[in-house]
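**Student:** One structure is given below, represented as structure tokens, and several questions about it will come after.
Rule-based calculations on the coordinates, nothing more; no lab input. Keep in mind the model is a prediction, meaning the values are calculated, not measured. All Cβ positions, even for glycine, are placed from backbone atoms using ideal geometry, and neighbour counts span all protein chains on display.
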Amino acid sequence: MLLARLLDTKILSIQRQGRIGPYVPCMGEEGAVVPSAKLLQKQDWMFSSYRELGAHLARGLSIDLILAQLFGNSNDLSKGRQMSNSWSNKELNDVPTAAPIGAYLPVATGVAIGAKIRKQKIAVLAFLGDGGTSASDFHVALNFAGVYKAPIVFVCRNNGWAISLPVSKQTASKSIAAKAQAYGFEGIQVDGGDVVAVYTTVSRALEKARRGEGPTLIEALTFRAGPHSTADDPKRYRNDDQVAWDAKDPIKRLQALLVSKGVWTNEKDRELSKQYETMISDAIGRQESVKPIPLKELILGDVYSEMPWNLKEQSEELE
Ligand SMILES: Cc1ncc(C[n+]2csc(CCOP(=O)(O)OP(=O)(O)O)c2C)c(N)n1
Ligand SMILES: [Mg+2]
């Protein structure tokens, strides 16, 4: 969580310096995503939206690969072709998101149904936002998950906003968790800033999925501490209360808990922060200078195993 916070903060500053394109920050929501992703086993699958930086780190994606994706350089596993924040890694069963909200959710359910048919004892974890619950794909995904008793856990980060639209205008349901009832499975609301509560709830849901007892929808109540993206000005639609945010900060809450239990100190915290900051600046130094893949390959590569004559012609023209 701390690594995600420090990396997010640093990425925001290099974005403001014009060194990368648009970015979607994750500050405030680490408590809902990091423990969830940390609970996955190697053969499980993870689907996400774009505000789950910490989940990719927890899954094992390196700082270098996270930055390579944002610089769109030739080290990037998606070769600079994906929208920013669309991290993925085939070896980690970490699937890239799709720009249309929720479009990956039926795919996630499909992977879970596939695993069930193959009798694999695995689980699928799929993150989404409160806005994602209005996408038709959300309802398709939950309906199929319910009917097939698919081994999937949906974790919805309800941060109260879909860009500038408040959740009160997103749904007339009493909660997002309540929506699961219509699809015949359990929905649970949890404080997304309470790491222990998230860990326990997601752990039980993943175990239930692995036992073949079907899906769960978890609504994690979170706080989006920053703007929707670097192209957004939240002051135009909401008033942020700094004091209220400090009390909600999942990292501060966990630090306080660990210090009170005598298993962590502020001194250790400072040391760890320094260590992470060095790792982050070293990785930026490595990735910023890496060139993008050549334009020709970016546009025309990976489409045909053998390039047809018309593309060959265009390729020469491009050169
Ligand atoms: C189908 C679709 N409609 C609209 C958009 C534009 N859009 C991008 S992010 C976003 C808000 C989504 O909010 P939420 O699901 O609550 O996630 P959050 O940004 O709060 O993490 C919208 C409307 C889109 N990408 N796809
Ligand atoms: Mg939201």
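**Student:** Which value in deg cm²/dmol, rounded to the nearest 500, describes the helix-derived mean residue ellipticity at 222 nm for the chain, given -39,500 (n - 2.57) per DSSP H run of n ≥ 4 and division by the residue count?
**Tutor:** Working: 13 runs with 142 residues, N = 319.
Computed ellipticity for the chain at 222 nm equals -13500 deg cm²/dmol.
**Student:** On a straight-distance basis, which aspartates and glutamates could pair with residue 261 in a cross-link, Cα separation under 18 angstrom, same-chain partners fewer than 8 positions away excluded?
**Tutor:** 194, 269
**Student:** Are any of the pairs 10/235; 119/208; 42/121 more than 18 Å apart by Cα-Cα distance, and if so, which?
**Tutor:** Details: 10/235 22 Å; 119/208 15 Å; 42/121 12 Å.
From the list (10/235; 119/208; 42/121), the Cα-Cα distance tops 18 Å for 10/235.
**Student:** May I ask for the longest run of the chain untouched by trypsin sites (Lys or Arg not before Pro) that are loop-located per DSSP and have at most 11 neighbouring C-beta atoms (other than their own) within 10 Å? Mind dumping the intermediate values first?
**Tutor:** Working: sites that count: 42, 118, 119, 174, 211, 261.
In short, 43-117.
**Student:** Would you order 44, 232, 241 from fewest to most other beta-carbon atoms within 10 Å of each residue's own beta-carbon?
**Tutor:** Numbers: 44 24, 232 17, 241 10.
Ascending number of Cβ neighbours within 10 Å: 241, 232, 44.
**Student:** Right, here's the next one. Report P(r) for the stretch 2-288: all Cα-Cα distances, bin width 10 Å, range 0 to the bin holding the largest distance, values in whole percent.
**Tutor:** 7, 29, 36, 23, 6, 0
**Student:** Which residue, 190, 198, 263, has the most motion in a Gaussian network model of the chain that connects Cα atoms within less than 10 Å?
**Tutor:** Evaluated over the chain, the most mobile residue of the options is 263.
**Student:** Please work out the C-alpha center-to-center distance from the stretch 218-240 to the stretch 129-194 and express it in whole Å.
**Tutor:** That distance is 18 Å.
**Student:** Let me ask something else. For residue 233 and residue 200, compute 0.36 nm times the residue count separating them, minus their Cα-Cα distance, and round to one decimal in nm.
**Tutor:** On the way: separation 33, 0.36 × 33 = 11.88 nm, distance 3.52 nm.
The residue 233-residue 200 span can extend by a further 8.4 nm.
**Student:** Still on this structure, please answer the following. Can you list the HN-Hα couplings for the stretch 80-95, worked out from phi with the Karplus curve (6.51, -1.76, 1.60; θ = phi - 60°), rounded to whole Hz and with x for Gly and Pro?
**Tutor:** x, 8, 8, 4, 4, 6, 9, 7, 6, 7, 4, 5, 9, 6, 10, 8
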